[in-house]
1. What strands (runs of 3 or more DSSP E) lie completely within the stretch 7-106 and have 2 or more residues being in contact with an Asp or Glu (Cβ under 7 Å, 6 or more places away or on another chain), in contact (Cβ under 8 Å) with a residue 12 or more places away in the chain and within 25 Å of M141 (Cβ to Cβ)?
2. Condition first: closer than 16 Å to Q47 by Cβ and among the aromatic types (F, W, Y). Now tell me which residues in the stretch 131-160 satisfy that.
3. What number goes with the only condition from (1) open to solvent by less than 40 Å² (accessible area, probe 1.4 Å); (2) free of Cβ contacts under 8 Å to residues at least 60 places away in the same chain; (3) more than 18 Å from the chain's Cα centre (by Cα) that L149 does not pass?
4. Condition (residue is in contact with a Phe, Trp or Tyr (Cβ under 7 Å, 6 or more places away or on another chain), at pLDDT 95 or above and open to solvent by less than 50 Å² (accessible area, probe 1.4 Å)) applied to the stretch 362-373: is it met by at least one residue?
5. List every residue pair whose Cβ atoms sit under 8 Å apart, with the two residues 6 or more apart in sequence or on different chains, where the first one lies in the stretch 225-250 and is outside any helix (DSSP H, G or I) and the second, anywhere, is open to solvent by 60 Å² or more (accessible area, probe 1.4 Å).
6. Can you tell me how many residues in the stretch 356-385 are of a type outside the set (K, R) and outside any loop (DSSP other than H, G, I, E, B)?
7. When residues of the stretch 224-235 are filtered for being exposed (fewer than 11 other Cβ atoms within 10 Å of the Cβ) and within 17 Å of F283 (Cα to Cα), how many remain?
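The values are calculated or read from the model by the stated rules, or taken from the named source; none is laboratory data. As the structure is a prediction and not an experimental result, all values here were calculated from the model. All Cβ positions, even for glycine, are placed from backbone atoms using ideal geometry, and neighbour counts span all protein chains on display. Ligands, DNA and RNA are excluded from the accessible area calculation, which covers all protein heavy atoms including side chains. Shrake-Rupley method; radii C 1.70, N 1.55, O 1.52, S 1.80 Å.
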Amino acid sequence: INAEELWESAKSSGWRPSSAPRSDWPPPPRETNGYLRVRCNGGLNQQRSAICNAVLAARIMNATLVLPELDANSFWHDESGFQGIYDVEHFIQTLKYDVQIVESIPEIRKNGKTKKIKGYQLRPPRDAPIEWYTTVALKKMQEHGAIYLTPFSHRLAEEIDNPEYQRLRCRVNYHALRFKPNIMQLSESIVDKLRAQGHFMSIHLRFEKDMLAFAGCIDIFNLEEQSILKKYRKENFAEKRLVYKERRAIGKCPLTPEEVGLILHAMGFDNSTRIYLAAGELFGGERFMKPFQGLFPRLENHSSVDSSEELVTNTQGLLGSAVDYMVCLLSDIFMPTYDGPSNFANNLLGHRLYYGFRTTIRPDRKALAPIFIDLENGRTAGFEEAVRRVMLKTNFGGPHKRGSPESFYTNSWPECFCQVSPKNPADKCPPDNVLEVLDSRLENKVTSDPETLAEKNSTSRTER
């Protein structure tokens, strides 16, 4: 494969994305078991998967979902919340066949008094099975009228045997969760400016303080930087003896900007390639960026492409992260340099797969480590050939079987895809009129409901 071919999307082998229900999927009942409140913690993408899990939990429990809360303050110092980032109306509308969603728990009137339902606070176990929701959580919901699950990140098992439940997650992630119009416009204007000069690639450089401290990769830094990383590690992560050389040899260290440049160069990309960098603050600064810039001078980030006030003032919060997400989603090629669980790259890989098998370049850090170690020790012969050999064995974003530790959010194939001419009947695409069928069911449910009929009659009488 040469660099030119990678600008095109990966081969789909007759598959296309589809997360519409393919079997009986009744509309949410009018009478629910109570209200479900959740607080999603972590960064933008950890929150995204938590929102998908919250919708699925509400469906399983037959509950009304209260718009998820985004715990932004501890990490982002960002007050915008769900309403500040996502298009709420679109979210509620898109999921109307799946769950009832309200913006807040309504007050109830009892004996002439108005009172607020308090959500009973529960801490779900990590990767809780469906049974936990249908027993422990449901019991508390029926007792109290509402439950409040916090923290809510990775609190529902990812691998579920029910493909309809998995498709619901995809409907949330790839259809219902749409950023607000101002974020979409900002992202599209950045993409248009980048595209004006041909193809562009986006890279998520995870050479950041938290990641380096977490991975224990500190020996390449000077003493002052090392003490900053050690302090950060001590304050934020569990005590663990990490030896840099051992971590490095098994590919547990984030790639340095220079290594990223060398991989791309070995794959045949030249110095005219336009690259958009999605990243927080790079640790070690200029010293580490220089060699990369030497190989690829056409580097951009959201501030260099769009210096408008809106991004400059919000670049640290969820807005900057949301814009980076959209630009990486729409880029011709996306390259994550460190795809740990639940991070930015993870969700994007899954979204790009769903978005038409768009090309991704995923460095196999473990296989590349000995090649880079050789290079550092002065053995330069055959370096590019060795890198190319490793990279050709990786998957460039086409349909492929999900294997541990790959998460469902990184690869929702085959549940959220269908085949136009399937060999296996289970992979058959749903009929084109799925939404009409769901619409008519929703209509029937509403019209056969006695309260709605009474309402309809009274309004038609007043109209006369």
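1. On the way: elements: 15-17, 35-40, 64-66, 100-102.
So the answer is 35-40.
2. Answer for the stretch 131-160, where residues must be closer than 16 Å to Q47 by Cβ and among the aromatic types (F, W, Y): just F152.
3. (2)
4. Checked the stretch 362-373: at least one residue is in contact with a Phe, Trp or Tyr (Cβ under 7 Å, 6 or more places away or on another chain), at pLDDT 95 or above and open to solvent by less than 50 Å² (accessible area, probe 1.4 Å).
5. F237/F214; I250/K366
6. Of the stretch 356-385, the ones of a type outside the set (K, R) are 356-357, 359-361, 363-364, 367-378, 380-385.
Checking which are outside any loop (DSSP other than H, G, I, E, B) leaves us with 360, 367-376, 383-385.
Number satisfying all stated conditions: 14.
7. Selection size over the stretch 224-235: 1.
Here's the yes/no breakdown for (1) open to solvent by 10 Å² or more (accessible area, probe 1.4 Å); (2) in the same structural domain as R126 (by the TED database); (3) at pLDDT 95 or above; (4) on the phi < 0 side of the Ramachandran plot:
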| site | (1), (2), (3), (4) |
| --- | --- |
| G43 | yes, yes, no, yes |
| R59 | yes, yes, yes, yes |
| L70 | yes, yes, no, yes |
| F75 | yes, yes, no, yes |
| G81 | yes, yes, no, no |
